[in-house]
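Here is the structure we will look at.
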Amino acid sequence: MKTQFYLLIVFSLIVFSKCKNDYSSDKMISPSGKYYLITTVNRTDKSKDDFATVVISLYSVEKELLSVLNTKAGDSNKWAIGWDKIMDIIILKSSDIGTYAWKIEKGEFINIEISESIREQAEEIMENKYNTYKNR
């Protein structure tokens, strides 16, 4: 009985430690191929301003970091990010802050108005992220 108890404790610690690691996404390449983005979440250093928020890092195709944006979307809520299907526009849908979009100009994020097309794509991005996880 003691052995099972200790195994349960060890297993719980392993699972808990994996949940507390920082997060970094795969590269997401823009429609033009000029840029890619990586999203990160600082889940371990509570002293930083970006603790538990989704941060977008924008890179040139030559791997040069161009800009970083703290979206203020909370990682404890559902969120998903992706590129517009045609243009170099980043779309974020978050259950806590809503839908945002940024076009890229001279390597900088420019906040843009949410059109119906962007709203529909945001829904699709969110559905794809969470339906994928459900089917695993």
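What follows draws every value from the coordinates through simple rules; no lab data is involved. Just so it is clear, the structure is predicted and the values come from calculations on it, not from any experiment. Reconstructed Cβ throughout: ideal geometry from the backbone, glycine too, with neighbour counts over all protein chains shown.
Here are the numbers:
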{"item": "Over the range 27-136 - Rg/Rh using Cα atoms and the Kirkwood inverse-distance radius", "result": "0.96"}
{"item": "Share antiparallel - DSSP beta bridges, the range 21-134, percent rounded to 5", "result": "95"}
{"item": "Under Karplus coefficients 6.51, -1.76 and 1.60, residue-wise ³J(HN,Hα) of the range 124-129 in Hz, glycine/proline x", "result": "5, 4, 5, 4, 4, 5"}
{"item": "Span from the the range 77-100 Cα centroid across to the the range 34-61 one, whole angstrom", "result": "14"}
{"item": "Nitroxide proxy distance, nm - points 7 Å out along Cα→Cβ at Lys106 and Lys46", "result": "4.1"}
{"item": "Length added when fully stretched, Lys129-Lys72, from 0.36 nm per residue minus Cα-Cα", "result": "18.6 nm"}
